[in-house]
Amino acid sequence: MTEKQKMLAGEIYSAIDPQLMKELRQTRELIHDFNALRPSEQQAMKDILFRLLGHIGDDNIIINQPFHCDYGSQISVGKGFFANFNFTVLDEAPVTIGDDCFIGPNVSIYTACHSTDPVERNSRQEWALPVTIGNNVWIGGSVTILPGVTIGDNVTIGAGSVVVSDIPSGTVAVGNPCHVVKRVIDN
């Protein structure tokens, strides 16, 4: 298996593999172009997003600048997607976001995992776990979503939360660690 195949399979891989480093640089070039566009250049922004992201549900996509991601191709967003300023996605594993999702400013989604053992960590070996966000989800400002998390449909995540485990559908969840505080819809 190539290092990329290992990465996408959730296995331990070399984060400094030359092919992966090349893909990261290519993505950063597109991200630079996206972030350098004037706010009035909406069609050019969409054109770059359609080249960059793995899947976009429809033309009704807005990602405010600046936006940052590692690969882009592992990111899938549904219809009616909106992300505010400073949206950051480390997409070493798939990041799947459903329809009609709203992402507040300064939200980060991480899929990359690193060893807590410093010798292992310094070897640049890592692994990645996917993140899945359902339909009709609002992620408040400055939320961090950690690797392997699934957030159900019809969920609100309160501002400043750190989501470390799955959040069930039809709930409001807040805090660090993020936890359910209210049920809003019975699914």
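The values are calculated or read from the model by the stated rules, or taken from the named source; none is laboratory data. Because the structure is predicted, anything quoted here is derived from the model rather than measured. Using ideal geometry, Cβ is built from the backbone for each residue, glycine included, and neighbour counts are taken over all protein chains shown. These area figures cover heavy atoms from the full protein model, side chains too; ligands, DNA and RNA do not enter into them. Shrake-Rupley method; radii C 1.70, N 1.55, O 1.52, S 1.80 Å.
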Accessible area per residue, Å², the chain with all protein chains present, probe 1.4 Å: 49
Cross-link reach list, aspartates and glutamates versus LYS22, counting only Cα pairs under 18 Å and skipping chain neighbours closer than eight places: GLU3, ASP33, ASP70, ASP91, GLU92, GLU126
FRET efficiency, 1/(1 + (r/R0)^6) with R0 45 Å, evaluated for GLN43 and ILE12 via beta carbons: 0.60
Solvent-accessible area, 1.4 Å probe, carbon plus sulfur percent, for the stretch 57-129: 55
Estimated distance in nm for a label pair at VAL180 and ILE62, the labels positioned 7 Å out from Cα along Cα-to-Cβ: 3.2
Charge dipole (the stretch 14-159, unit charges on Cβ, about Cα centre) - positive-most of THR88, ILE139, SER14: THR88
